[in-house]
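Here is the structure we will look at.
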Amino acid sequence: MKDVDCFVMRVVHWTIPLLTIGIFVVDLLTPVGIAVSILYVVPLLLTVFRSKEQESLYFCGLATSLLWLGLFLKPPGSLLLYGVLNRTLGTLVLWILALGLTRFRRLQHESVQAERALMSERVERAHAEGLMMEAQQARYYADREAVRAVVGRKEAEEQLRVSQLRLQGIIESAMDAIITVDEDQKVVLFNRAAEQMFGYSTREVIGQPLDRFLPARYREGHRHHMRGFGQSGATSRKMGKLGMVMGLRLNGEEFPIEASISHIAVEHKKYYTVILRDITDRKRTEDAHQESQRQLSTLIGNLPGFVYRCPNDRDWTFDYLSEGVSDLTGYTVREYLVERSTSYSDNTHPGDRERVRQEIQEAVAQRRPYETTYRIFTKLGEVKSVWERGEGIYATDGTLSYLEGFVTDITERKRAEHLLRQSEERYRRLIAISPYAIVVIRSDRILFANDQAIKLFGAVKADEILSRSVMDLFHPDYHPAIRESIHELVEGRPQVPMLEEKLVTLSGRSVDAEVSAARFVDEEGPAILVMLRDISERKRLQEQLRKTERIAELGTVASGMAHEIGTPMNVILGRAEYLMDRVTEEPIKKGLQTIITQVERITRVMNQLLSFARRKAPERVALDLKQVVEDSLEMFHERLARNQIQVELRLADPCPMVLADADQMSQVMINLVMNAVHAMPEGGTLRVALAPEPQMVRLTVADTGHGVPREVIKKIFDPFFTTKEFGKGTGLGLTVVKGIIEEHQGSIAVESQEGMGTTFTILLPKSE
Amino acid sequence: MRMATVAKEKTAVLLIVEDDREMRSLLCDEFCGMGYQLREARDGDEAFLSVLQSVPDAILTDLRMPAGGDDYIGRLRTVAPRCPIIVISAFGDAGLKAQVLKAGANAYFDKPVHIADLKNCVQQLLNHGPGAESR
């Protein structure tokens, strides 16, 4: 296109004068009437191709002169007027054309200029490397405007001025610092973000070298880079590819920056524009991220075990594995991940493999973490116990991506646990087989009881006594002493001395026990260890021995006494009978009969005493105690009435039979009623009750008499111990009673309150 | 034999051995009323002498008294081999009873004894005892 233009220009250059001269000559030669001069239009039109705008006008002036000169030079004729008119018209046409061409040329020139401006803008835009479109735009205009400012081109057009203002705004409000320097590295543009970043004001830095924004050690290198960049073909690039770029603030602080640079040549001068971003924060975040990565890898490296990631496949083919695996299994990460020469599934103990798989599948199915222990084989064939915890990692669409978890060696722990269990088992067994009943109590409640204790308290299962109050299991008589002991122990006394106490079993049976207690403290606080030993047997033997001795003594005494009273009684009896045969008066006969009956009674009692003293074995048969009770009371009927004693009977009906000797039971009743009568000289109430108990029958004889003092009650069953007036009691009654009851495998207990009365409670075994 | 015949024909002779005066008196009163001829002894030695003098038809004796005791019946038996001996002892036991019977006593009673029982026993022994046999 340009070539064509050039050619036309050259042709027009010499065509116009030749054509003009030719037309002038033809005009001279032709008659006046012919308007050849109009041909000047042709060269005039050709001037369009000439570069100068005014050329058409100049040529038009020349053509007008030549046209009129031709008229003067021609011989005038009749057609002169016509010729003048003709040429006037031609001149008019020429001028109109010339003016039109001139205007056209001017318009054409303007459009060419605008086109050129558009073209260069396109070129610049192509050069710009985009961080941001707006920034690029800004840089472009900034370059242009800066260049214009420096070269003093003040003739920017209105359109560009508006654009400049807008771009100025963008530059000033850009988040990134924008600095433009000229070839000598002197600052020509410095935006507000740059002011904030470096701490200088624009005024201070315009015309100053760029160096001041760099730490001294980078300056030489930077200059070198800039030169290299200027000479390179590229118009823009990112800085810092070769290393971190640092900035220097006015206050001397260095900071990391990210920068990109572009250059532009304006009128053979190079301008560099740098866009800078302070990446201190990003750098810090990156550093923190790196640090946390490092920490994580250190932590993983130090874990006693390994972490893994694997798909949920049969072999647990690891995707990732920490180094700890080689300590645990003896296989290296390489063997698992690269060579794939072993699989973790193979390392798992066959006995545990399926179970572990199942546990993991269940957990994964329920989307919960799994936790399991199992055995593995190490490379050396050792068996190790491991503990694993992990969970499924799910993709955003909910499918299971892989499993992640941690495995650690618990062989030692297992071994320790095993040893602990063993030792626990050993101690547990020691406690279990201990001949002592052992009970642990805390705040009055039973926490633990060994087998012996369970047996001692008559329970079958521990539950029956656990969490019961300790007081429930001791005889009420001992409660104050026990409370005192517990108090002392809780207050810090390490142990209390062994005491003899009486327990009450679940069935209500009393058991003598030796009790010792010690305090200990565990994680739940202070507790008391109580050791109990059933000493009933020992007590019974002791008692029996004592009784044997007593009875031997009693036997001697009784025999002697029997002999002593036998004869006088015989005299009384005989005399009464003698008189009986010789009197006829009924009252006397009745009196004599009473004497006889009473002697008979004494004889019976004496015989019983003797039989007891002589350890005559009771003849035990199934016996209805009710009958015995009624007979005995009948015997006392008169006496009770005389002493104004009310009798209250509460006899269970039917009441189970007991296995007992009738005479001896009668003797027991007589003794007890006799005691009651003696206790109530001023009258009162005698309560006799008979009630069934488990395996036993309970007989109670209670009076409302004067009661027995505490110190006396302990001796109440002792032989020859009596509180009765001399001659009134033998001191043997209750001894005999107790002896008889014990020979019947029963028990007798007494409770008394001074002034309130005394209650005897007898338990006798049922007959079946 | 002769004596037995005499005893049968005459009143039977009863030796009462008892150290307690009241008891002895009681027995005497009772058996006297029965028509027996009574002889009394206050201890074992007197009884022994009495038997040596003449053997009674029956001996009613206490056991625990001076010159009495365990071997007393045996000694008495040596001098009166066939005479019925009835022992009355205060609150004896089964062992004593067996021992006394073994030593030769014909009957044993614990004191206190109903006199009627005693009388029956004496009567029976006199009727069916050695004297009866001899008849």
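The values are calculated or read from the model by the stated rules, or taken from the named source; none is laboratory data. None of the values given here were measured: they were computed from a predicted structure. For neighbour counting, all protein chains shown are included, and Cβ atoms are generated from backbone atoms with ideal geometry for every residue, glycine included. Remember, those area values only see protein heavy atoms, side chains included, never the ligands or the DNA or RNA. Shrake-Rupley method; radii C 1.70, N 1.55, O 1.52, S 1.80 Å.
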Being out of contact with any His (no Cβ under 9 Å at 6 or more places or on another chain) and at pLDDT below 75, is that true of even one residue in the stretch A:55-71? no
Please verify whether A:ALA641 is of a type outside the set (S, T, N, Q) and crowded, with 17+ Cβ neighbours inside 10 Å, treating the condition exactly as stated. no
Residues that are in contact with a strand residue (DSSP E or B) (Cβ under 8 Å, 6 or more places away or on another chain) and open to solvent by less than 70 Å² (accessible area, probe 1.4 Å): does the stretch A:412-429 have at least one? no
Entirely in the stretch B:49-135, the helices (runs of 4 or more DSSP H) that have 1 or more residues that are touching a strand residue (DSSP E or B) at 6+ places or on another chain (Cβ under 7 Å), modelled with pLDDT of 90 or more and within 13 Å of chain A (Cβ to nearest Cβ): B:115-128
Hey, any hits in the stretch A:184-198 for a residue that's open to solvent by 80 Å² or more (accessible area, probe 1.4 Å), modelled with pLDDT under 85 and farther than 27 Å from A:GLN137 by Cβ? no
Can you confirm whether the stretch A:516-535 contains a residue that is surrounded by fewer than 19 Cβ atoms within 10 Å (Cβ to Cβ), away from chain B (no Cβ under 12 Å) and over 60 Å from the mean Cα position of the chain (by Cα)? no
Pairs where the first residue, in the stretch A:199-215, is aliphatic (A, V, I, L, M) and the second is outside any helix (DSSP H, G or I), C-beta under 6 Å, 6+ apart: A:VAL205/A:VAL187; A:VAL205/A:PHE190; A:ILE206/A:VAL187; A:LEU210/A:VAL181; A:LEU210/A:GLN185; A:LEU214/A:LEU248
For the list (1) over 30 Å from A:ARG483 (Cβ atoms); (2) touching a Gly at 6+ places or on another chain (Cβ under 9 Å); (3) open to solvent by less than 70 Å² (accessible area, probe 1.4 Å), I need the number of the one condition that A:GLY398 fails. (2)
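When you check A:GLY707 against the structure, is it within 20 Å of A:MET606 (Cα to Cα), modelled with pLDDT under 90 and not assigned by TED's automatic domain parsing to the domain that holds A:THR594, yes or no?
No.
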Can you tell me which residue in the stretch A:568-611 is surrounded by the fewest Cβ atoms within 10 Å (Cβ to Cβ), limited to those that are of a type in the set (Asp, Glu) and either in a helix (DSSP H, G or I) or within 11 Å of chain B (Cβ to nearest Cβ) (or both)? A:GLU586
Hey, could you check the stretch A:554-567 for residues that are closer than 30 Å to A:GLU742 by Cα and modelled with pLDDT of 80 or more and say which is farthest from the other protein chains (Cβ to nearest Cβ)? A:VAL557
Selection from the stretch B:7-48 of residues that are more than 14 Å from chain A (Cβ to nearest Cβ), among the acidic types (Asp, Glu) and under 12 Å from the mean Cα position of the chain (by Cα): B:GLU40
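With a cut-off of at least 3 residues that are under 30 Å from A:ARG468 (Cβ atoms), name the strands (runs of 3 or more DSSP E) lying wholly within the stretch A:333-452.
Strands (runs of 3 or more DSSP E) meeting the threshold: A:437-442, A:445-449.
Yes/no matrix, rows are residues, columns are (1) closer than 20 Å to A:PRO526 by Cβ; (2) modelled with pLDDT of 85 or more:
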site: A:ARG445; (1), (2): yes, yes
site: A:PHE448; (1), (2): yes, yes
site: A:GLN452; (1), (2): no, yes
site: A:SER467; (1), (2): yes, no
site: A:PRO476; (1), (2): no, yes
site: A:ARG493; (1), (2): yes, no
site: A:SER507; (1), (2): no, yes
Counting just the residues of the stretch B:64-107 that are surrounded by fewer than 14 Cβ atoms within 10 Å (Cβ to Cβ) and of a type in the set (A, V, I, L, M, F, W, C), which one comes out nearest to A:MET561 (Cα to Cα)? B:ALA94
Please verify whether A:ASP512 is outside any strand (DSSP E or B), within 30 Å of A:THR761 (Cβ to Cβ), modelled with pLDDT of 85 or more and more than 43 Å from the chain's Cα centre (by Cα), treating the condition exactly as stated. no
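Could you go through the stretch A:440-456 and let me know if any residue there is of a type in the set (Gly, Ala, Ser) and on the phi > 0 side of the Ramachandran plot.
yes
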Within the stretch A:135-149, can one find any residue that is farther than 19 Å from A:GLY247 by Cα, at pLDDT 80 or above and open to solvent by 10 Å² or more (accessible area, probe 1.4 Å)? no
